[in-house]
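The values are calculated or read from the model by the stated rules, or taken from the named source; none is laboratory data. Treat the numbers as computed from the prediction; the structure is a model and nothing was measured. Here the Cβ is made from the backbone with ideal geometry for all residues, glycine too, and neighbour counts use every protein chain on show. Calculation scope for accessible area: heavy atoms of the full protein, side chains included, ligands and nucleic acids excluded. Shrake-Rupley method; radii C 1.70, N 1.55, O 1.52, S 1.80 Å.
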Amino acid sequence: MSLAFGRHYLAIPGPSVIPDRVLGAMHRAAPNIYQGELVEMMPGLLRDLRRVARTEKANVAIYIANGHGAWEAANANLFSRGDKILSAITGHFGNTWALSARNVGVDVESIDFDKKPIDPAQIEEALRADSAHRIKAVFVTHTDTATTIRNDVAAVRKAIDAAGHPALLAVDAIASLGCDPLHFDDWGIDVLISASQKGLMTPPGLSFIWFSDKALAASEGSEQVTPYWDWRLRSLSTEFYRYFAGTAPTHHLYGLREALTMLLDEEGLEAAWKRHAALASSVWAAFDAWSKGGDIALNVADKAMRSHSVTGARIGNGGAVRLREWLEKNAGVTLGIGLGMAAPTEPAYGDYLRIAHMGYVNAHMTLGVLSAMEAGMRSLGIPHGTGALDAAAQAIADAI
């Protein structure tokens with residue numbers, strides 16, 4: 001017998017749960033793309049995209065693409081072949097962004113922190129060693145969705161400044177925007193990328209770049225930018241169609257408009273940050289209890305460096321993959337794979353999983369996932385400590 005009948009819960013780190021209101025906003029006939037409502041709501045969309053990134057000064061470009069497209073856009077606008085970057089890698093996605101730059105001819109110097117948070121002192125040291133100032137940008141992933149490390153972006157900015165280096169600070173916030181505190185202006189970010197399908201609660205298909213005037217000036221010499229990726233056309237044009245290099249992603253824009261209203265004007269961004277922190281704390285509390293009776297541990301030991309949008313964990317002896325399969329079949333819950341923690345050919349690949357608590361998620365959804373996980377561990381005979389559900393519930397109660 002399976003108890004999976006009913007609404008399935010996709011508890012993976014993107015695409016996240018889409019609010020019915022967002023789906024409803026998209027469920028309409030194709031609009032006029034030359035004048036009227038769609039065109040008139042564009043200034044408000046750009047204003048609110050600045051609000052969600054906590055910036056008053058940044059330029060904003062919207063692309064019909066996923067997060068990989070945002071990487072491509074940043075690379076195309078910023079660099080010519082032979083330009084150099086410093087990439088701080090704390091997991092799979094930091095490595096992949098660096099690889100995307102390398103594949104278009106950028107010279108990438110990497111500091112691999114071996115699935116641990118960034119040490120700003122090493123960034124400063126590498127920049128001081130670059131006396132010729134060849135390094136044009138420092139790449140940082142705010143939340144690496146694979147390891148679930150949350151890096152201290154402001155500390156990296158301080159390291160760049162302490163080194164007296166002119167490098168741009170480029171930040172991947174695909175998994176953190178709308179979930180974790182992020183301040184473009186206050187943290188001295190020059191380039192920020194994100195996408196629609198995680199904290200912004202909109203289906204996959206839109207990506208965004210916020211960029212400072214310093215980054216805009218640095219892009220003037222790029223020899224790789226093409227008309228489609230050119231962020232100047234997408235952010236500085238006065239004609240509506242140029243924002244999208246052609247036909248607009250009409251229904252995605254309606255969905256995004258509704259999602260931003262819910263996030264910024266109804267819940268409030270700071271309240272959303274607190275909600276994500278509370279949900280994350282409940283997941284951590286459950287794992288702390290489970291770990292006391294089994295080969296179970298969170299990926300990130302330091303609470304201060306854990307993502308508030310997604311939690312990665314290890315359940316040894318293939319327990320993670322067995323639990324994921326049990327939940328999918330019997331409980332109507334899908335958890336994320338343990339991306340990047342071990343190669344798919346390695347036995348340890350089956351030891352890792354990820355639980356998303358990003359976007360349109362509340363306490364009963366997260367507590368429900370944890371309860372289903374405990375049921376699965378009991379059914380499968382996976383050794384685990386007791387008291388996890390009580391601890392998770394107490395974490396929620398303490399956060400109210």
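Relative to the longest principal axis of the Cα atoms of the chain, the long axis of helix 319-330 makes an angle of roughly 80 degrees.
With Cα atoms defining each centre, segment 1-56 and segment 77-92 are spaced 31 Å apart in the structure. Averaged over its residues, segment 1-92 has an accessible area of 49 Å² per residue, based on protein heavy atoms and a 1.4 Å probe.
For segment 24-66, the fraction of C-alpha pairs farther apart than 11 angstrom is 73 percent.
Working ranking of peptides 98-104, 238-244 by packing, defined as the average number of other Cβ atoms within 10 Å per residue, highest first, is 98-104, 238-244.
What lysines does Lys292 reach when the alpha-carbon gap must be under 30 Å and sequence neighbours fewer than 8 apart in one chain are set aside? By straight Cα distance, Lys292 reaches Lys115, Lys116, Lys274, Lys303, Lys329. Answer rounded, prolate or oblate for segment 294-390, using the Cα gyration tensor with square roots of eigenvalues a ≥ b ≥ c: rounded when a/c is under 1.5, else prolate when a/b is larger than b/c, else oblate. It is rounded, given that a/c, with a ≥ b ≥ c, falls under 1.5. On C-alpha positions alone, give me the angle between the axis of helix 92-102 and the longest principal axis of the chain, in degrees, nearest 10. The angle comes out near 30 degrees. Axis angle, to the nearest 10 degrees, between helix 363-380 and the longest C-alpha principal axis of the chain: 50 degrees. Distance from the alpha carbon centroid of segment 353-397 to that of segment 100-169 works out to 35 angstrom. If you wrap segment 272-312 in the convex hull of its Cα atoms and look at it from every side, the mean projected area works out to 2.7 nm².
Peptide packing: for 340-351, 223-234, the average count of neighbouring Cβ atoms within 10 Å per residue gives the ranking 223-234, 340-351, highest mean first. Let me know the shape class of segment 1-157, please: from the alpha-carbon gyration tensor, a ≥ b ≥ c as square roots of the eigenvalues, rounded when a/c is under 1.5, otherwise prolate if a/b is greater than b/c, or oblate. In terms of gyration-tensor shape, oblate.
Sorting 143-149, 113-119, 322-328, 89-95 by their mean Cβ neighbour count within 10 Å, with the most densely packed peptide first, gives 143-149, 89-95, 322-328, 113-119. Backbone geometry of segment 171-182 corresponds, through the Karplus equation with coefficients 6.51, -1.76 and 1.60 at θ = phi - 60°, to 3J(HN,Hα) couplings of 10, 8, 10, 4, 8, 10, 4, x, 10, 10, x, 8 Hz, x marking Gly and Pro. Looking at segment 265-307, the accessible area is 41 square angstrom per residue; that uses a 1.4 Å probe and ignores ligands, DNA and RNA.
Using C-alpha pairs below 8 Å separated by at least 6 residues, the relative contact order for the chain is 23 percent.
Rolling a 1.4 Å probe over the protein heavy atoms gives segment 314-400 an accessible area of 45 Å² per residue.
Computed in the context of the full set of protein chains, the accessible area of the chain at 1.4 Å probe radius has 53% of its extent on carbon or sulfur.
To check you understand DSSP bridge types, tell me what percent of the beta bridges within the chain (both residues inside) are antiparallel, rounded to 5. That works out to approximately 50 percent antiparallel. Counting only lysines at least 8 places from Lys214 when in the same chain, those with an alpha carbon closer than 18 Å to its own are Lys57, Lys84, Lys136, Lys158.
Reducing segment 294-342 and segment 225-262 to their Cα centroids gives an inter-centroid distance of 36 Å. State the percent of C-alpha pairs, over all pairs in the chain, separated by a distance greater than 41 angstrom. So the pairs more than 41 Å apart make up 15 percent of the total in the chain.
Helix content alone sets the calculated 222 nm mean residue ellipticity of the chain: runs of n ≥ 4 DSSP H residues at -39500 (n - 2.57) each, divided across all residues, give -11500 deg cm²/dmol.
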